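A short write-up of the structure that comes next.
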Amino acid sequence: MLDPKLIRSDLDAVAAGLARRGFELDVARLRALEEKRKALQVTTEQLKAERNTRSKSIGELMKAGSREEAETAKAEVGRLKAELDSVETQFDAVAEEIDNYLEGVPNLPAVQTPDGSDESANVELRRWGTPPAFNFAAQDHVDLGAGLGGLDFETASTITGSRFVVMQGAVAGLHRALAQYMLDKHTREHGYTEVNVPFIVNGASLRGTGQLPKFGADQFRLEGDQDYWLAPTAEVPVTNMVRGQILDAEVLPLKLTAHTPCFRSEAGSYGKDTRGMIRQHQFEKVELVQIVHPDASWAAFDELVGHAEAILQGLNLPYRAMDLCAGDIGFSAARTIDFEVWLPAQNCYREISSCSNFLDFQARRMQARFRSPERKGTELLHTLNGSGLAVGRTLVALLENYQQQDGSVVVPPALRGYMGGLEVIEPR
């Protein structure tokens with residue numbers, strides 16, 4: 001959530017910043033609500049002062065023997081209390097209306113975020129690796145997986161429905177190896193602590209990281225009396241580990257990683273990527289989350305981006321880094337860098353990781369703070385996260401980039417230790 005103080009002090013600048021990402025802030029509504037809030041606040045303070053003065057006078061009148069006047073003062077205090085209760089109720093209602101509106105307002109794009117209204121304005125920062133040059137027609141991962149006896153979309157459709165897959169044999173092992181490789185890399189080399197978190201979250205957790213209230217249609221909600229949802233990404237449970245907490249500055253940064261399934265309804269993507277594993281309702285990711293001091297925020301962002309990038313390089317997968325424009329960044333993000341991996345069958349780069357800095361936007365929603373010994377009071381933390389990587393899409397990239405003319409797939413050297421030394425997955 002945006003800082004209400006910033007909105008009160010510089011509403012036009014906030015509106016201009018949000019316009020960069022194509023969001024039209026209702027300036028007139030917020031200005032009217034703020035004027036009403038301030039007027040009610042002034043009235044509240046005046047009524048409290050008058051009530052306190054009258055209350056104090058009661059004792060003085062009683063001491064002076066002016067019982068009748070004291071009773072009149074008591075009645076006046078009662079009237080003031082009733083009026084104060086009414087005004088405070090109105091004040092709370094206005095404050096709640098402001099908060100409810102601001103819950104649906106996205107984060108301000110950082111100054112580093114490029115201008116632009118959609119993905120066509122994203123800026124390519126760099127490329128790494130050389131796409132393979134095959135002397136045969138490249139197969140996509142669906143046909144390769146079928147030939148290897150490892151990807152079965154028909155059975156998954158029977159079990160559940162479309163956009164699910166059953167993995168078997170060496171392909172299932174390769175998928176598992178990828179997740180283990182990523183976890184080992186991040187914990188042993190990049191300094192993250194592995195956490196195992198619930199895959200079901202409550203609505204407060206989704207609101208904390210910004211998936212609710214705006215994106216409820218993209219989530220899977222469980223039936224029943226409890227406010228339970230399937231986690232769309234490990235970002236939600238891992239980041240919410242600090243919701244409502246006040247940390248000591250000495251424990252920062254917190255660097256956490258988790259391998260979890262992710263569940264998304266993909267409500268707005270029907271007709272897109274219906275073939276294969278690119279866009280599924282259930283998939284797995286190894287997520288990176290950093291909880292940091294505001295002063296370390298952008299250095300942490302560069303570090304996190306490098307950690308995701310290291311996985312792609314370790315697997316020798318060609319990719320490019322894209323700086324997303326203001327109109328293409330996510331709801332909670334101030335800046336995002338995506339990694340897109342080369343897919344030979346599509347002859348293009350496709351997203352495999354998204355790394356974002358949310359600054360204090362999520363922390364304000366979660367009331368996640370820290371206490372610094374150098375300063376009085378508490379301050380909001382900064383949160384960052386990124387995919388390190390999306391396991392299913394990495395599997396897709398490996399199958400297609402490491403395929404051979406006979407339909408076999410070479411196991412990348414970095415993964416062979418996780419595969420019992422297997423070097424090639426042969427077709428069945």
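Run lengths n ≥ 4 of DSSP H only: what is the helix-derived mean residue ellipticity at 222 nm for the chain, with -39500 (n - 2.57) per run over all residues, to the nearest 500? Kindly include the intermediate steps, with their values, before the conclusion.
Working: 12 runs with 170 residues, N = 428.
Mean residue ellipticity at 222 nm (helix-derived): -13000 deg cm²/dmol.
For the chain, with the dipole built from +1 on Lys and Arg beta-carbon atoms and -1 on Asp and Glu ones, taken about the Cα centre, which of Gln226, Gln346, Ser117 lies farthest toward the positive end?
About the Cα centre, the residue reaching furthest to the positive side is Gln226.
How about Lys48: which lysines have a C-alpha closer than 25 Å to its C-alpha, ignoring those fewer than 8 places off in the same chain?
List returned: Lys5, Lys36, Lys38, Lys56, Lys63, Lys74, Lys81.
Per residue, how much accessible area does the range 8-105 show when a 1.4 Å probe rolls over the protein heavy atoms, in square angstrom?
Numbers: 6100 Å² over 98 residues.
Heavy-atom SASA per residue in the range 8-105 reads 62 Å².
For Ser9, put the label point 7 Å out on the Cα→Cβ axis and report which residues of the range 355-384 keep their amide N under 16 Å from it.
360, 379-380
Give me the accessible area of Thr383, 1.4 Å probe, in Å² rounded to the nearest 10.
0 Å²
Quick one: length gained pulling Glu250 to Cys348 fully straight, 0.36 nm per residue minus the C-alpha distance?
30.8 nm
With θ taken as phi - 60° and the coefficients 6.51, -1.76 and 1.60, list the Karplus ³J(HN,Hα) couplings across the range 209-223 in order, rounded to whole Hz; mark glycine and proline as x.
Values, residue by residue: 9, x, 6, 10, x, 6, 10, x, 5, 8, 9, 9, 9, 7, 6 Hz.
Explain nothing, just the number: relative contact order of the chain, from Cα pairs under 8 Å at least 6 residues apart, as a whole percent. Show your work: numbers first, answer last.
On the way: 802 pairs, mean separation 85.3, N = 428.
Averaging sequence separation for qualifying contacts and normalising by length gives 20 percent for the chain.
Is the shape of the range 101-239 rounded, prolate or oblate, going by the alpha carbon gyration tensor and its root eigenvalues a ≥ b ≥ c, with a/c under 1.5 for rounded and a/b larger than b/c for prolate?
Details: a/c = 1.65, a/b = 1.24, b/c = 1.33.
Cα axes put the range 101-239 in the oblate bin.
Given the Cα-Cα distance of Asp92 and Glu379 and 0.36 nm per residue of separation, how much length would full extension add, in nm?
The Asp92-Glu379 span can extend by a further 100.9 nm.
Using a Förster distance of 56 Å, how high is the FRET efficiency between Glu83 and Phe199, based on the Cβ-Cβ distance and rounded to 0.05?
Efficiency computed from Cβ-Cβ geometry: 0.65.
Quick check: at a probe of 1.4 Å, how many percent of the accessible area of the range 290-428 sits on carbon and sulfur atoms?
Using a 1.4 Å probe with all protein chains present, the range 290-428 comes out at 44 percent carbon and sulfur.
Roughly how big is the range 160-286's charge dipole about its Cα centre, with Cβ charges of +1 (Lys, Arg) and -1 (Asp, Glu), in debye to the nearest 20?
Here the size comes out at about 440 debye.
For Phe339, Phe215, give me the order by solvent-accessible area with a 1.4 Å probe, most accessible first, ignoring ligands, DNA and RNA.
Phe215, Phe339
Can you compute the charge dipole magnitude of the range 376-428 about its Cα centre, using +1 on each Lys and Arg Cβ and -1 on each Asp and Glu Cβ, nothing else charged? Give it in debye, rounded to the nearest 20. Walk me through the numbers before you get to the answer.
On the way: 4 positive and 5 negative charges, 49 e Å.
In total the dipole reaches around 240 debye.
In nm, what is the difference between 0.36 nm times the number of residues separating Asp26 and Val42 and their Cα-Cα distance?
Contour length minus Cα-Cα distance gives 3.3 nm.
Between rounded, prolate and oblate, where does the range 323-412 land on the alpha carbon gyration tensor, with a ≥ b ≥ c its root eigenvalues, rounded for a/c under 1.5, else prolate if a/b exceeds b/c?
Here the range 323-412 falls in the prolate category.
Note down the accessible area of Asp3, probe 1.4 Å, to the nearest 10 Å².
Here the residue's solvent-accessible area equals roughly 50 Å².
To the nearest 20 Debye, how big is the dipole of the chain about its Cα centre, given +1 on the beta carbon of each Lys and Arg and -1 on that of each Asp and Glu?
640 debye
Rounded to a whole number, what is D in µm²/s for the chain from Stokes-Einstein with the Kirkwood radius over alpha-carbon pairs (37 °C, 0.692 mPa s)?
The diffusion coefficient I find is 133 µm²/s.
Normalising by the residue count of the range 267-365, find the relative contact order in percent from Cα pairs under 8 Å and 6+ residues apart.
Relative contact order of the range 267-365: 21 percent.
The values are calculated or read from the model by the stated rules, or taken from the named source; none is laboratory data. Small disclaimer: the values here were computed from a predicted structure and weren't measured. We place every Cβ from the backbone using ideal geometry, glycine too, and count neighbours over all the protein chains shown. Areas reflect the complete protein model, heavy atoms only, side chains present, ligands, DNA and RNA absent. Shrake-Rupley method; radii C 1.70, N 1.55, O 1.52, S 1.80 Å.
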